[in-house]
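The numbers here are math on the coordinates, done by the rules we state, and not lab data. Everything quoted here is computed from the prediction, not taken from an experiment. All Cβ positions, even for glycine, are placed from backbone atoms using ideal geometry, and neighbour counts span all protein chains on display.
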């Protein structure tokens, strides 16, 4: 490899990701220790393997010039559509949804990889369709045609939370590539007006329950509000310094469903307290800001949009996940990057960061 | 702007929006951080009161073990609730603290195990060391799971524990299930007993059930079947413990959530969650045995004062109706925890109360064996019914003199008389002609020399000697004298009482060798049948019915002929066919049965019989160790067992007894002097 590439390698981003990986594994180890169950669950060991493989994949992502993804954007998009279709046809039903592709010992969740593929294809589109003075709403019609198939397939799986996430990601990218303020205002008004309609017409009872639970978890502590309420007590019990590693009462008595996936931050909050949460939030924020800096320094348009989209994807996941756990947003089943259990999620985030590193190290090239 | 967001890139197109994005993200994180600080810093005290001080603990609901019934539904083994004293390791310190002070997460009230052990030792009258040992044996389990310190405590002990409850955090009383044996020691060998699982058993059981039932299916402190049916049917009898959850404070006391609106909602939410995780105890499966309680009781009465074994069996099916060994032992002593001295006394008792003699006692069959050489001789054409042998009281074979038990001799005897009067000389003669190989072939056909397949208590195979066997085990060549001894059931021959009953069954039922069984069916607590036993024919005796008829008729003669060796054990109204045996005890060869020189040198008394002769419904085999003559001691016992069986006439066995019962029994000759059946020493 060119020596200049190495000279411009963004060691800070790499370091932050590795620290978060380590924190994630340490925390997950605690999350899977349950009273009454001896030994460490295989969940932890498979996560160790996922992280190790993902770090290698992340570094491998830096080898090829990222512009190859510009050329391959549409074929990759096609592949993404294909992958999203497979579980609908062959997928096993896990807790009422067909979201996974069965790969023998592992299963793959294509909607995770789809986030990256969406960002790539949007970067490609906006890169090749320059609009002086910013995009208008009508200019979003074509890229929306790219979004709709993905969202539809995910919605059908059914996974409304992730489908909504894709829409948010699309809006975020559109904002970043200079969607006109006027268009943003119109969009905001349309969303505000249509929310009540969506709530009453498009949502199922199950989905509405999650909104009700958010607004009043104590109203039905045994049912709808259970998870949010339990999470709240676990987080609150952490106080300033936490109960200590592996000593979280809530965590280890199995009171919090999904405490190794979506609700993994409750374990950290209970055992490491507010200080622990603050450290992790700082690391995340540093990663995001450094990512945006990569976007700003990118040599050309495609790289800039790609990097921005990636940062937006990571940020939105953190926001939606923590918002749900903290009782600020409805529970949507979005995982916390680098902390939650799940091979697809871990690998996708690492691939994204790999691209960031790639864009960063080639900012003075060609 | 600070350098970190001073985008120095080549295209400045997106710079404003990137700055907006940074602002959004910082704002988002500030909101999240604020929420964390509200929950953790502002409201933390409130939440921690519930989340850290109180905890929810699993408590086990002991599953009742399956009940064991006799064939009529009488309870043989039952269960009742018991009160067990337990400790919770999570509330007890491993060591005395070097510096006194509150332990983390607890109220500072935790005692160390040494102090607990001292207190419990005083209150429960057990050694303190055993409390510590039990505490340590539980390492590796979930620490909140109770460890049983003393099961089934008395009311006084319970009251003592309750009174000291406050001073003994971590000690509690838990309701368990205790096995009780309704009829005491009546079924000790057959049904067996329970004992606390030991570590090697635990390992074995976990290997078997860990994968399907979970690693905690069997745990330290569990009681498992150690012997008999309790051991063999352990997987069916064991129930699956249930679990429920309670809210506890730091000292292990139950807490009722009622504080404040929010806190209560939280506690209720946890309870609801745990209720979902809880599961009821599912009782073990019940066993219905083939055993007849009344018959078994009668057997026990009859065996009072005797050492030995009685087996009663349905000849057509192999169902065991009664099986009892005397002396016996109290099956509950092992569950209570037997003292070393009591164990030593039981173990070294010369009458071997712990041994299941019916399955593991190996006795020389003596003359009860004679039907085998007789049948072999007829089937192989060595003799016919007309062949006679002259018995002068002895016979010379291979230069040695073999005596008949009747010193004066029987005169000319044919095969029938030879059996009826148990003439040894006749059998010496045909045995020499038959050879050991052919005798062994028929003996094996009757199931001798191999376990019967009852599947309990590692039953012994007995012994059918052969030339190869002697060379290999005794390291001496087979001599003609061995064959001669073997023909009258002495020498190296060994049978178990169960084998004797099964062999007699095959004679009675027309030559079908049945696999004996004692569990009729296994059913769930609500009566659904899981497993139903079926009679199983495992072999057939290679003779024609006419030949077998000769033997059966001779066996009838044993009781009904004026000269029969068991003529005094006839039963009014029921025709009984049987054979007496008197097995020699003092021998210098290898057989270790009954060779203890300190014990009586009297012979073993044997009797095996079936009835009614025309359509047999029951076989009874009796062995009385050192009882003397089979006809005098063993036969009356068998007669009384049969009397009980037929008098009640309530066994659900297909067949028409009325038709047979009207046939008059042959009148016995009162004047004839009893001739004891005995085999004199061969050397």
Centre separation in Å (Cα based) which lies between region B:393-460 and region B:464-500: 11 Å
At q = 0.14, 0.17, 0.18, 0.25 Å⁻¹, base-10 log of I(q)/I(0) for region A:1-88 (Debye sum, equal scatterers on each alpha carbon): -0.80, -0.96, -1.00, -1.15
Region B:9-41 versus region B:293-345: alpha-carbon centroid distance in Å: 84 Å
Residue B:282 paired with residue A:197, simple spin-label distance in nm, labels 7 Å along Cα-to-beta-carbon: 5.3 nm
Most mobile of A:281, A:88, A:14 in a GNM of chain A (Cα contacts under 10 Å): A:281
Mean projected area (nm²) of the alpha-carbon convex hull when chain A is viewed from all directions: 19.0 nm²
Highest-fluctuation residue, A:204, A:162, A:282 considered, GNM on chain A with Cα pairs under 10 Å: A:204
Ranked packing of B:430-436, B:310-316, B:76-82, most packed first, by mean Cβ within 10 Å: B:310-316, B:430-436, B:76-82
Estimated distance in nm for a label pair at residue A:136 and residue B:387, the labels positioned 7 Å out from Cα along Cα-to-Cβ: 12.4 nm
Least to most buried among B:423, B:34, A:277 (fewest other Cβ within 10 Å first): B:34, A:277, B:423
Max mean-square fluctuation residue, GNM over chain A, Cα-Cα springs under 10 Å, options A:101, A:346, A:334: A:101
Peptide A:241-251, shielding by other chains (average Cβ, 10 Å cutoff): 3
Mean residue ellipticity (222 nm) of chain A, computed from DSSP H runs ≥ 4 via -39,500 (n - 2.57), nearest 500: -22000 deg cm²/dmol
Per-residue mean of C-beta atoms belonging to partner chains within 10 Å, peptide A:289-299: 6
Within 10 Å of each Cβ in A:177-183, the average number of Cβ atoms from other chains: 1
Kirkwood hydrodynamic radius of region B:120-202, from inverse mean 1/r over distinct Cα pairs, in Å: 15.2 Å
Label point distance in nm, residue A:82-residue B:479, each placed 7 Å from Cα along Cα→Cβ: 9.2 nm
